[in-house]
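S.K.: Below is a structure I'd like to ask you about.
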Amino acid sequence: MKKTILFWIIFFLMFPLNSYSEISASAGYWLMTWEQSDKPDTEVVKSTIYHTFKIDNLMAREISLAGKWKFIKLSLKYLSTDEETVKNTTKAEKLFGKLGIDFNEFSSTITYIKGTTNGIAEGYDTQTQNRSYIDFSTSIYIYSIEFSSEKLLNNNIKIGFQNIKYQLPQTFYILNNNQIILQAVESAMEWDASFLTVGFSNINSNNLFFLSISAGYGLNVNVSGKYSIDPSGYGVYLKGKTAFFYKGEAGINYKVTKHIYLNSGYRYTKYTFETEKDTSSLNIYAKATSTLFGPYLKLKILF
């Protein structure tokens with residue numbers, strides 16, 4: 001509850017209501033099926049640990065806010081000898097004006113998703129004949145912000161940022177001079193990645209049916225091993241390198257009243273994360289693929 005309140009406070013501090021010509025808020029649930037794989041790149045690791053995950057389905061909570069967007073003028077004033085221009089025009093607006101774009105046409109959407117679940121992970125090491133069995137409880141967090149403009153295909157092109165964070169068991173391989181000197185299982189590996197995103201969507205209040213596709217490239221990948229890697233002192237050799245995702249969703253946007261909509265659909269997202277895999281020096285290699293999919297239902301209110 002405290003995180004939800006903090007989310008709304010931050011939103012209105014960043015984007016005050018008087019900078020909007022319209023605003024909407026939505027909240028709902030995503031019945032998420034979560035599939036996880038930590039199979040490594042076979043060009044790097046020849047003898048892998050076979051790991052299977054059984055993750056309970058979860059009911060993820062989702063809230064989002066959207067509306068017209070405008071920079072806060074205190075920090076971006078455009079200086080001019082024209083008093084009226086000083087009063088009403090920011091540097092950003094001036095730049096976009098030169099490009100033939102009305103800055104006030106930009107919209108933004110902030111979304112927060114959280115889900116908690118349990119599961120088991122079973123592993124078998126073909127090299128050492130060792131077996132592992134791990135019970136776990138975990139949470140997944142997804143934050144995103146998207147920007148669009150009426151000039152970009154009537155708000156259909158979305159550009160933004162996303163962050164995902166979760167913790168699950170993970171196989172890892174310590175490599176040195178093209179040799180695997182140790183392979184084992186970390187019972188709590190945390191992946192925390194931020195993405196630059198781009199997508200296409202026809203979701204708006206006038207469309208009954210909608211389709212949305214997007215993809216993201218990892219700008220920053222942080223990874224840590226809570227119980228095995230970090231305490232061993234080898235955590236400095238565990239460095240995130242690559243991350244990307246793609247997402248698709250489709251559904252129905254049903255108008256209940258003039259200001260209330262029911263948004264129901266199906267979402268499929270696939271994330272891939274990988275650490276540094278330069279085998280000529282000492283490093284810890286790991287790769288994870290998370291697939292999140294299932295139906296969702298949201299209630300949207302227009303203000």
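The values are calculated or read from the model by the stated rules, or taken from the named source; none is laboratory data. Quick caveat, the model's predicted, so the values are computed rather than measured. Cβ placement follows ideal geometry from the backbone for every residue including glycine, while neighbour counts extend to all protein chains displayed. Heads up: the accessible areas ignore ligands, DNA and RNA and are worked out on the full protein's heavy atoms, side chains in. Shrake-Rupley method; radii C 1.70, N 1.55, O 1.52, S 1.80 Å.
S.K.: Here are the criteria: (1) out of contact with any Phe, Trp or Tyr (no Cβ under 7 Å at 6 or more places or on another chain); (2) modelled with pLDDT of 85 or more; (3) open to solvent by less than 20 Å² (accessible area, probe 1.4 Å). Tell me which single one Glu62 does not satisfy.
M.R.: In the conditions (1) out of contact with any Phe, Trp or Tyr (no Cβ under 7 Å at 6 or more places or on another chain); (2) modelled with pLDDT of 85 or more; (3) open to solvent by less than 20 Å² (accessible area, probe 1.4 Å), Glu62 misses (1) alone.
S.K.: Another question about this same structure. Looking at the range 233-249, which of its residues are of a type outside the set (D, E, K, R) and over 11 Å from Lys287 (Cα atoms)? Walk me through it before giving the result.
M.R.: Looking only at the range 233-249, we keep the residues that are of a type outside the set (D, E, K, R), and these are 233-238, 240, 242-246, 248.
The answer is Gly233, Tyr234, Gly235, Val236, Tyr237, Leu238, Phe244, Phe245, Tyr246, Gly248.
S.K.: Does the range 260-282 hold any residues that are among the hydroxyl-bearing types (Ser, Thr, Tyr), within 20 Å of Ser201 (Cα to Cα) and open to solvent by less than 70 Å² (accessible area, probe 1.4 Å), and which are they?
M.R.: Of the range 260-282, the ones among the hydroxyl-bearing types (Ser, Thr, Tyr) are 261, 264, 266, 268-269, 271-272, 275, 279-281.
Adding the requirement that they be within 20 Å of Ser201 (Cα to Cα) leaves 261, 264, 266, 268-269, 271.
Across the range 260-282, the qualifying residues are Tyr261, Ser264, Thr269, Tyr271.
S.K.: Could you figure out which of (1) assigned to a loop (DSSP other than H, G, I, E, B); (2) at negative phi; (3) modelled with pLDDT under 85 isn't true of Glu84?
M.R.: Result: Glu84 passes all but (1).
S.K.: Name every residue in the range 225-259 that is part of a strand (DSSP E or B), open to solvent by less than 90 Å² (accessible area, probe 1.4 Å) and touching a Leu at 6+ places or on another chain (Cβ under 7 Å), in order of residue number.
M.R.: Step one: list which residues in the range 225-259 are part of a strand (DSSP E or B), which gives 225, 240-255.
Okay, now just the ones that are also open to solvent by less than 90 Å² (accessible area, probe 1.4 Å), so 225, 240, 242-243, 245, 247-253.
Within the range 225-259, Gly225, Ala250, Ile252, Asn253 qualify.
S.K.: List pairs: first in the range 263-284 and touching a residue at least 60 places away in the same chain (Cβ under 8 Å) and on the phi > 0 side of the Ramachandran plot, second of a type in the set (Gly, Ala, Ser) and open to solvent by 10 Å² or more (accessible area, probe 1.4 Å), Cβ under 7 Å, 6+ apart or cross-chain?
M.R.: Nothing qualifies.
S.K.: Need the failing condition index for Ile174 against (1) within 24 Å of Phe53 (Cα to Cα); (2) free of Cβ contacts under 8 Å to residues at least 12 places away in the same chain, just the number.
M.R.: Exception for Ile174: condition (2).
S.K.: Here's a follow-up. Go through the range 38-57 and count every residue that is open to solvent by 50 Å² or more (accessible area, probe 1.4 Å) and either of a type in the set (Ser, Thr, Tyr) or at pLDDT 85 or above (or both).
M.R.: Within the range 38-57, the subset open to solvent by 50 Å² or more (accessible area, probe 1.4 Å) is 39, 42-43, 46, 50, 52, 54, 56-57.
This time we only want the ones that are either of a type in the set (Ser, Thr, Tyr) or at pLDDT 85 or above (or both), so: 39, 42, 50, 52, 54, 56-57.
So the answer is 7.
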